[in-house]
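The values are calculated or read from the model by the stated rules, or taken from the named source; none is laboratory data. Remember, it's a predicted structure, so these values are computed and weren't measured experimentally. Heads up, the Cβs are rebuilt from the backbone with ideal geometry, glycines too, and the neighbour counts pull from every protein chain shown. These accessible areas exclude ligands, DNA and RNA; they are computed on the full protein's heavy atoms, side chains included. Shrake-Rupley method; radii C 1.70, N 1.55, O 1.52, S 1.80 Å.
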Amino acid sequence: DGMDSVRAFYEKTQAVRANFHQVVTDKQGRKVQEVQGTMQLKRPNKFRWDYNKPYEQQIISDGKQVWLYDTELAQVTVRDIGKALGSSPAALLAGGKAIEETFTLANASNRDGLNWVSAQPKDKESGFEKILLGFKDNQIQEMALLDSFGHNTKIVFSKVEVNPALDEKSFLFKPPKGVDVVGE
Amino acid sequence: CATTAHQVTMSADSLARNQTHLERNATIQQFSLQGRIGVQTNSKGFSGGLQWQHSATNDNIALYSPLGGQVAQITKSSNQITLTDANGKQISAANAETLTYNALGWSLPLTGLSDWSLGRPSSSPVLASTWDEQGLLTTLNQDGWKIEFSNYTEQNGLWLPGKISLKSDQVNLKLLVESWNNITN
C-alpha cells in the first residue's frame with residue numbers, strides 16, 4: 001500500500017532523475033501555471049529542478065541552500081533549505097530518512113492505478129494544506145499539492161530513473177555574470 | 001523596436017505617433033495579466049509568478065512561489081487594501097506601498113504600476129520620457145521611479161510592453177508579462 005511504497009522510496013531510492021509536467025489550477029479549476037522540465041534528486045536534500053517551458057528557471061539545492069534562478073528576470077534568490085522551502089515538494093521528495101519528522105504520513109485512497117500517501121507538513125508555515133504522493137512499484141509517479149489559497153498543483157513525472165549515477169556538480173550553483181543574487 | 005534608450009532619435013513624426021499611441025492606451029480601464037515579478041531591495045528579494053486583475057475600482061493580485069504554491073493575495077478596493085499570506089494572516093493598510101513594505105519587506109507601487117504596466121505614464125508629472133520610432137515608450141522617469149519598457153506585443157490593436165523594469169533608490173522591480181487578457185476600455 002502507500003505506506004510501504006513511501007518507506008521503500010525513502011530507503012531504497014537514493015537518487016532519482018525524471019521529466020516533470022506541472023500544472024497549477026485555482027479554486028475554479030482555471031489553469032494558473034503550466035511548466036515542464038527535468039528534475040534530479042540525491043538524498044539527503046540535494047535536488048535540481050530545471051524548468052524548460054514556457055520559461056527557463058532553475059531551482060537547485062546543495063543540501064544547505066536553495067538557489068532559485070529565473071533566467072529572463074536575471075535574478076537569483078537564495079534561501080537556507082530550513083526556511084519555507086524546507087517543507088516544499090522538492091525538499092519533501094529529496095528528504096533524508098527522517099522524513100516523518102517534517103511530515104505526518106498516512107495512506108490515502110488509491111486512484112489512477114497508483115497507491116497514494118498523504119504527507120501533512122508539520123511546519124504550519126509551509127503554505128501547503130495537503131501533499132499527496134502517488135507511487136507505482138515503489139516509484140514516485142505523481143504529486144498533488146493543495147495550498148492554503150485552494151490552488152492545486154499537480155506534478156506528473158515521466159521517464160523516472162531510479163538510482164541513476166548523477167553528476168555532483170549538478171547540485172552546485174554558480175551565479176552567471178551580471179545576474180543579481182538576493183537573499184530571501 | 002529594439003533600439004536602446006540613448007540611441008533614440010525622437011523625430012517629429014515619432015512624437016505624433018507617441019501621442020496617438022498614448023491616447024489609445026489611455027482608454028484602457030480594465031486588464032488582467034499573468035507573468036512573473038522579480039524584486040530586489042538592498043540584497044533581499046523575491047521572484048515568482050504574478051496574476052493581476054485590475055479595474056478602476058479594485059485590484060486583485062496573486063503572488064506565487066516558483067514551486068507553484070501561492071504565497072500572498074493582495075485585494076484592493078477603493079478605500080482599503082489587504083494582504084493575505086499563505087498562513088491566512090491578514091494585514092491591511094491605506095496604500096499598497098506601506099502594506100507590501102510591512103508584509104513583504106519591499107514596497108509595490110501599485111497605483112503607478114497600473115499605468116506603467118500598460119506602457120503609459122501615470123497621472124503625476126513626467127520628469128522625462130523617451131520613445132522609439134513607433135512612438136512606444138522606452139523609458140519614463142516619474143514618481144521617483146526610472147522605468148524601462150521593452151518586448152512590446154500587439155493586443156487587439158493596442159501595443160503593450162512585455163517587460164517593465166523599475167528602479168527607485170530602494171527597490172529594483174522587474175515585471176515580465178506572459179499573457180494579457182480581457183483588456184477593456
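Observations
- Of the strands (runs of 3 or more DSSP E) that lie entirely inside segment B:81-162, those containing 1 or more residues that are more than 21 Å from B:Ile61 (Cβ to Cβ) span B:126-131, B:137-142, B:145-150, B:153-155, B:158-160.
- Number of the exception - A:Thr104 against (1) assigned to a strand (DSSP E or B); (2) within 12 Å of the chain's Cα centre (by Cα); (3) without any contact (Cβ under 8 Å) to a residue 60 or more places away in the chain: (2)
- With respect to the stated conditions, B:Trp52 fails to be aromatic (Phe, Trp, Tyr), within 14 Å of chain A (Cβ to nearest Cβ) and part of a loop (DSSP other than H, G, I, E, B).
- Residue count for segment A:19-62, restricted to those that are assigned to a loop (DSSP other than H, G, I, E, B), under 22 Å from A:Arg79 (Cα atoms) and within 10 Å of chain B (Cβ to nearest Cβ): 1
- Matching residues, segment A:25-44, being modelled with pLDDT of 90 or more and buried (at least 18 other Cβ atoms within 10 Å of the Cβ): A:Val35, A:Gly37, A:Met39, A:Gln40, A:Leu41, A:Lys42, A:Arg43
- Selected residue [more than 10 Å from chain B (Cβ to nearest Cβ), open to solvent by 20 Å² or more (accessible area, probe 1.4 Å) and closer than 18 Å to A:Asp26 by Cβ] from A:Lys154, A:Lys130, A:Lys122: A:Lys130
- Of the candidates B:Trp116, B:Trp131, B:Trp106, the single residue that is closer than 19 Å to B:Ser55 by Cβ and open to solvent by less than 50 Å² (accessible area, probe 1.4 Å) is B:Trp116.
- For segment B:83-95, taking the residues that are within 14 Å of chain A (Cβ to nearest Cβ) and either touching a residue at least 12 places away in the same chain (Cβ under 8 Å) or under 20 Å from the mean Cα position of the chain (by Cα) (or both), the one that is nearest to A:Phe149 (Cα to Cα) is identified as B:Ala86.
- Of all residues in segment B:163-185, those that are part of a strand (DSSP E or B), free of Cβ contacts under 8 Å to residues at least 40 places away in the same chain and among the acidic types (Asp, Glu) total 0.
- Each residue in segment A:57-75 was checked for being in contact (Cβ under 8 Å) with a residue 12 or more places away in the chain, open to solvent by less than 10 Å² (accessible area, probe 1.4 Å) and not hydroxyl-bearing (Ser, Thr, Tyr), and 6 pass.
- Residue check, A:Glu100 within 10 Å of another protein chain (Cβ to nearest Cβ) and open to solvent by 40 Å² or more (accessible area, probe 1.4 Å): no
- Complete set of residues in segment A:46-65 that are touching a strand residue (DSSP E or B) at 6+ places or on another chain (Cβ under 6 Å) and modelled with pLDDT under 90: A:Lys53
- Among the residues of segment B:152-183, those identified as farther than 19 Å from B:Ile28 by Cα and open to solvent by 60 Å² or more (accessible area, probe 1.4 Å) are B:Lys167, B:Asp169, B:Gln170.
- Members of segment B:65-75 that are more than 7 Å from every other protein chain (Cβ to nearest Cβ) and either at positive phi or of a type outside the set (Val, Ile, Thr) (or both): B:Ser65, B:Ala72
- For segment B:55-76, filtering for residues that are open to solvent by less than 10 Å² (accessible area, probe 1.4 Å) and of a type outside the set (A, V, I, L, M) leaves 4.
- Residue within segment A:170-177 that is closer than 15 Å to A:Ala8 by Cα, touching a residue at least 24 places away in the same chain (Cβ under 8 Å) and of a type in the set (A, V, I, L, M) present: no
- The set of residues in segment B:58-70 that are closer than 11 Å to B:Ser47 by Cβ and not in a loop (DSSP other than H, G, I, E, B) comprises B:Leu63, B:Tyr64.
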